[in-house]
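The values are calculated or read from the model by the stated rules, or taken from the named source; none is laboratory data. Bear in mind the structure is a predicted one, so any value in this text is a computation, not a measurement. With ideal geometry, Cβ positions are generated from the backbone for all residues, glycine too; neighbour counts draw on all protein chains shown. With ligands, DNA and RNA removed, areas are computed over all heavy atoms of the protein, side chains included. Shrake-Rupley method; radii C 1.70, N 1.55, O 1.52, S 1.80 Å.
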Amino acid sequence: MNTVAKDLQSLTLELEPGFEPRLKHAGAREAGSSTITGSLTQRIDAIDWFDVEEELNGYGCAMLRNLLGAQECDALTALYPRDDLYRSRVVMARHGFGRGEYKYFAYPLPQLVAELRAELYPHLAPIANRWNEVMNIDVRHPTAHGEFIERCHAAGQLRPTPLILQYARDDYNCLHQDLYGEHVFPLQVAILLSEPGEDFTGGEFVMTEQRPRMQSRTEVVPLRKGDAVVFAVHHRPVQGTRGVYRVNLRHGVSRLRSGHRHTLGVIFHDAT
């Protein structure tokens, strides 16, 4: 998928009645296993990024199975009470965002969070640039995340955006978009740090897509502990009869029925 022609060809993917997206996985273990192999860099490099791009082009999201191991997930969850690591705490009900809460990390980011940001970005930047090209958006993203952050900071977007979200029974997250400023990287990643069916029930990751003159389409992503979903922040390109057009996407989390759920959000642009 190295040319615009191939991009447009991949953008013609449409859902057939009864068709299930394949949602490819990365890593060496089966979902739910406690054993994971390779460094984080090796795991990310081993992902079939061609397949990820196909999923993103077709559905606006793609799963990265087994991105983190159980111990890594537990270590991140254990950081949530550490208020010294965060720049702010948001109680969703106070702002009409839903129920539950989340905290934005301060700089310097924890090592694993910083590595995820730096290691995932170079694989996503080419996809973001191809999307912008076919949507006639002039912005091009640099190959290294550090260069992109320099661009954000030069525009006054200085506040880090990686965050951990915490949900309890009856908590949920309303459909939304994480934009934060002039410079927006069009893809982001959420990693589930808790095990559905054991730590919590309910609480599914949900996306909606609104195409012009059509009813919204919903995508429910069946994450397990350590799985990630990469998804469109704002819009994605779709091939229509008169060329490529943009569709609008929002994401959220359905109501928890029981237990507690933690998620790491990896947003690649900083906030004003």
request  = Search region 242-257 for residues that are under 16 Å from Gly58 (Cβ atoms) and modelled with pLDDT under 95 and pair each with any residue that is hydroxyl-bearing (Ser, Thr, Tyr) and surrounded by fewer than 18 Cβ atoms within 10 Å (Cβ to Cβ) when their beta-carbon atoms are under 8 Å apart and the residues are at least 6 apart or on different chains.
outcome  = Leu249/Thr208
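Condition check ((1) surrounded by fewer than 22 Cβ atoms within 10 Å (Cβ to Cβ); (2) aromatic (Phe, Trp, Tyr); (3) free of Cβ contacts under 8 Å to residues at least 24 places away in the same chain; (4) closer than 30 Å to Thr218 by Cβ) across all residues:
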position	(1), (2), (3), (4)
Leu109	yes, no, no, no
Gly156	yes, no, no, no
Cys174	yes, no, no, yes
Gln188	no, no, no, yes
Leu192	no, no, no, yes
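Listed here are the residues, each with its yes/no results for (1) more than 29 Å from Arg87 (Cβ to Cβ); (2) open to solvent by less than 30 Å² (accessible area, probe 1.4 Å); (3) in contact with a strand residue (DSSP E or B) (Cβ under 7 Å, 6 or more places away or on another chain); (4) modelled with pLDDT under 95.
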position	(1), (2), (3), (4)
Lys103	no, yes, yes, no
Ala106	no, yes, yes, no
Val113	no, yes, yes, no
Leu116	no, yes, yes, no
Tyr121	no, yes, no, no
Ala125	no, yes, no, no
Asn136	yes, no, no, yes
Ile149	no, yes, no, no
query = For region 65-88, what are the residues that are part of a helix (DSSP H, G or I), open to solvent by 10 Å² or more (accessible area, probe 1.4 Å) and touching a residue at least 40 places away in the same chain (Cβ under 8 Å)?
reply = Ala70, Glu72, Asp74, Thr77
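Table: residues versus (1) surrounded by 12 or more Cβ atoms within 10 Å (Cβ to Cβ); (2) modelled with pLDDT under 95; (3) part of a loop (DSSP other than H, G, I, E, B); (4) under 17 Å from the mean Cα position of the chain (by Cα).
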| residue | (1), (2), (3), (4) |
| --- | --- |
| Glu14 | no, yes, yes, no |
| Pro17 | no, yes, yes, no |
| Arg29 | yes, yes, yes, no |
| Thr35 | no, yes, yes, no |
| Ile44 | yes, no, no, yes |
| Val52 | yes, no, no, yes |
| Met63 | yes, no, no, yes |
| Val90 | yes, no, no, no |
key: Subset of region 194-222 that is more than 17 Å from Ser258 (Cβ to Cβ) and assigned to a loop (DSSP other than H, G, I, E, B) - its residue that is farthest from the chain's Cα centre (by Cα)   = Arg213
message = Just to verify a result, which residue in region 226-241, among those that are in a strand (DSSP E or B) and over 14 Å from Ile191 (Cβ atoms), is modelled with the lowest pLDDT?
response = Gly240
key: Qualifying positions in region 251-260 - buried (at least 18 other Cβ atoms within 10 Å of the Cβ) and not hydrophobic (A, V, I, L, M, F, W, C)   = His251, Gly259
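Which residues, counting only those in region 225-245, are under 20 Å from the mean Cα position of the chain (by Cα), on the phi < 0 side of the Ramachandran plot and buried (at least 18 other Cβ atoms within 10 Å of the Cβ)?
Lys225, Asp227, Ala228, Val229, Val230, Phe231, Ala232, Val233, His235, Arg236, Pro237, Val238
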request  = Would you mind telling me which numbered condition in (1) at pLDDT below 95; (2) open to solvent by 40 Å² or more (accessible area, probe 1.4 Å); (3) touching a helix residue (DSSP H, G or I) at 6+ places or on another chain (Cβ under 7 Å) His95 fails?
outcome  = (3)
request  = Answer yes if at least one residue in region 206-213 is under 23 Å from His123 (Cβ atoms) and surrounded by 22 or more Cβ atoms within 10 Å (Cβ to Cβ), and no otherwise.
outcome  = no
